[in-house]
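What follows is calculated from the coordinates using simple rules that are stated; it is not laboratory data. A quick note: this is a predicted structure, and the numbers were derived from the prediction, not measured. All Cβ positions, even for glycine, are placed from backbone atoms using ideal geometry, and neighbour counts span all protein chains on display.
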Amino acid sequence: MIQIEKLSKSYGKNQVLLDINVHLEQGQAYGFVGDNGSGKTTLFRCIAGIESYEGKVNSALENIKNNLGYLQTTPVFMSRITGWEYLKLLCSARQIKEENFEEENIFELPLRAYAENYSTGMKKKLALTALLLQRNELYILDEPFSGVDMHSNIKIMNLIHNLKTQGKTLLISSHILSTLTDTCDHIYHLQDGRLDAFIAPE
Amino acid sequence: MKYYFSLQLLRLERKLKEVGIPPAIGMFCTGILFIFISNYLFSKTIYATIIYLIFAFSACVTLGQKEYDPLLRQIFSSKEHQRIRLYENAIVLLPFGLYLLFEAQYLAVFALLPIGLATSFMKPRPTPTFVLPTPFKKFPFEFIVGFRKYYWFIAIVLLLMLKAIQVDNYNLALFSFGLLFFTCMGFFVKPEKTYFVWVHSRKTKAFLLEKFKIAFICMAILSTIPYIGLVFLYPDRIFITSLILGLGYLFLSSIILAKYSAFPLDMNVPQALLYAVSLWFPPILLIVMIIFYKQSKRRLDTILE
């Protein structure tokens, strides 16, 4: 589905990613582990097209960006926007005319309240709900389990399994290895800018 | 506390250097610009003193709402924090006071004192839990955010227009009508986070057209009734009222282009100056809009295409 070839990224003299080669198959989940600052988020941002890079990201999809749901480590919210309005914004950005968000509110969030007043975990759940509403083909979930309560973590893991069965492709990073071994088909280890290890989940 | 103010000066210098202006020249030009705008205001309207005081008040309130105020409250004692706020207000109000002295508006100079004092006690407003309803629910996001932040100012502008109509002062009513557009233009000054542009599946041209469409619909929601009111009550002035309406929409389009011309950064100084000149002399606005469109396209293409 997506072929990443010789992807490199540097900020000035600081080489963050070096010759990354990965082949991503449809309906599979790929986990990425690595120390803080190892380049996981940069790799995700490059695939998403938010960062410029050297190398190639080839895809069977006509446009990766328009089929990609990107959950950021710390989702950004505008001030004085309710949860409902945030969902509407992200749907209208993809020209989806969905408005019945109460039915799709899987995390039971208070959609009529300002999103910026949500807790860290609630913000992440709202951002994830928006991505699910967009019906993407590819999902990049950067630290989806951090800051989220245990009950919701289980829900997120179930969601990942559901998305896989629907044929969606997922890229997930996490510092909790067990969440990746439970959800991912392949796990990559990113160190010093290289994908230098491959761990097969049990 | 002294270190805090020297840090603020350092931050200002760095900001100016970032946009390529030597700090000394930047500060000098800001002073000249302030005098020029003040002079223009006082030469154009008899309500200049009131407008000037409103600006001074807004500047002090804005200063008190800065993001890092909670941090200041943590690291300084409440007495020191209060003194910082007083000094900050004094620095901001000084140029206003000097110009009012120049204009011999002595009463207004004295009015600055309670403004500076009262606003120094203001605490940053936390985001209220009460969600203010807006008429723009289906049109995220600039008007929704802007309306919720400045609804009180919009109310003042509309009340001023009503009062002007009541005393049969067409010029003031027209000024208020223009101010309504000017206020809404302010909703588009600050660029959003890149993510909120990246997430769109539209190409640049379609993205900008969508922005125009939403802005026009929202502006129409706010301005149609005042416009009809003015046309109905002053039918002989329909041309000038419609001209302001048309210019308002043109300026609204131009601020959208101006915002994205530097995206994801704030407008730089040359762009801001170019925009200020076009506000002052609208005939060049069309040329400026073409320039801003080309710059916006270049900026947005890297994110959207």
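List the relative contact order of segment B:142-304 as a percent without decimals, with contacts defined as Cα pairs under 8 Å and 6+ residues apart.
Values: 143 pairs, mean separation 43.5, N = 163.
For segment B:142-304, the relative contact order is 27 percent.
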- Task: Run a plain Debye calculation on segment B:193-244 (Cα atoms as equal point scatterers, no solvent) and give log10 I(q)/I(0) at q = 0.27 Å⁻¹, rounded to two decimals, same order as the q list.
- Result: -1.00
- Relative contact order as a percentage, chain B, C-alpha pairs under 8 Å and 6+ apart, gives 14
- Between B:PHE36 and B:LEU12, what is the label-to-label distance in nm when each label sits 7 Å out along the Cα-to-Cβ direction? 1.9
- Query: Using the Karplus equation 6.51 cos²θ - 1.76 cosθ + 1.60 (θ = phi - 60°), what ³J(HN,Hα) coupling, rounded to whole Hz, does each residue of segment B:274-287 give in order, writing x for Gly and Pro?
  - Reply: 4, 5, 4, 5, 5, 5, 6, 10, x, x, 7, 4, 4, 5
- Query: In nm², what is the average projected area of the convex hull enclosing the Cα atoms of segment B:62-211?
  - Reply: 13.6
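How fast does the protein assembly as shown diffuse by Stokes-Einstein, in µm²/s, taking the Kirkwood radius from C-alpha pairs at 37 °C and 0.692 mPa s? Walk me through the numbers on the way to the answer.
Details: Rh = 26.0 Å.
The Stokes-Einstein estimate is 126 µm²/s.
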- List the residues whose amide H sits under 5 Å from the amide H of A:PHE32, counting only those 5 or more places along or on another chain, with H placed 1.01 Å from N in the peptide plane. A:ILE172, A:SER173, A:SER174, A:TYR188
- Message: Quick check: the distance between the Cα centres of segment A:29-108 and segment B:46-117, to the nearest angstrom?
- Response: 42
- Message: Given 37 °C and 0.692 mPa s, compute D for chain A with the Stokes-Einstein relation, Rh being the Kirkwood radius over Cα pairs; round to the nearest whole µm²/s.
- Response: 189
- Which log10 I(q)/I(0) values, to two decimals, does segment B:106-168 give at q = 0.15, 0.16, 0.24, 0.25 Å⁻¹ under the Debye formula with one point per Cα? -0.79, -0.85, -1.01, -1.02
- Query: Can you tell me the Rg and Dmax of segment B:2-120, counting just the alpha carbons, in angstroms?
  - Reply: 15.8, 46
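Report for the protein assembly as shown the percent antiparallel among DSSP-assigned beta bridges with both residues inside it, nearest 5. Write down the numbers at each step before the final one.
Numbers: 18 of 35 bridges.
Expressed as a percentage, antiparallel bridges in the protein assembly as shown total about 50.
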- Tell me, what HN-Hα J-couplings in whole Hz come from the Karplus equation 6.51 cos²θ - 1.76 cosθ + 1.60 at θ = phi - 60° for each residue of segment A:171-184, using x for Gly and Pro? 10, 10, 10, 6, 8, 9, 4, 4, 5, 6, 5, 7, 10, 9
- From the backbone phi of segment A:14-24, what are the Karplus-calculated ³J(HN,Hα) couplings (6.51 cos²θ - 1.76 cosθ + 1.60, θ = phi - 60°) in whole Hz, Gly and Pro given as x? 7, 7, 8, 10, 9, 6, 7, 10, 9, 10, 9
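Which value, in Å³ per residue, describes the convex hull spanned by the Cα atoms of chain B?
Working: hull volume 50.4 nm³, N = 305.
Given the Cα convex hull of chain B, per-residue volume reads 165 Å³.
Run lengths n ≥ 4 of DSSP H only: what is the helix-derived mean residue ellipticity at 222 nm for chain A, with -39500 (n - 2.57) per run over all residues, to the nearest 500? Don't skip to the end; give the middle numbers.
Working: 5 runs with 57 residues, N = 202.
Value at 222 nm, helices only, nearest 500: -8500 deg cm²/dmol.
Apply the a/c threshold of 1.5 to the C-alpha gyration tensor of segment B:10-74 and tell me whether it is rounded, prolate or oblate. Walk me through the numbers on the way to the answer.
Values: a/c = 4.34, a/b = 1.25, b/c = 3.47.
Note, shape of segment B:10-74 comes out oblate.
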- Item | Amide H contacts under 5 Å for A:ILE20, placed H, 5+ residues apart | A:LYS6, A:LEU7, A:SER8
- Calculate the translational D of segment B:142-304 in whole µm² s⁻¹ from Stokes-Einstein, where the hydrodynamic radius comes from the Kirkwood formula applied to all Cα pairs, the temperature is 25 °C and the viscosity 0.890 mPa s. 147
- Message: Given the -39500 (n - 2.57) contribution per DSSP H run of 4+ residues, what per-residue ellipticity at 222 nm results for chain B, rounded to the nearest 500 deg cm²/dmol?
- Response: -26000 deg cm²/dmol
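Report, as an integer, the average count of C-beta atoms from other chains found within 10 Å of each Cβ along A:81-93. If you can, show how the numbers build up before the last one.
On the way: counts 6, 4, 0, 3, 10, 3, 1, 6, 7, 5, 1, 8, 10.
Per residue, the number of nearby Cβ atoms from other chains is 5 on average.
Give me the inter-chain shielding for B:135-148: mean count of other chain Cβ atoms within 10 Å, whole number please. Can you show the working numbers first?
Values: counts 0, 1, 5, 4, 4, 12, 8, 1, 0, 7, 5, 1, 1, 5.
That average works out to 4.
Would you work out the relative contact order for chain A, in percent, from Cα pairs under 8 angstrom that are 6 or more residues apart? Don't skip to the answer; put the middle values down first.
On the way: 377 pairs, mean separation 61.2, N = 202.
Once normalised by length, the contact order is 30 percent.
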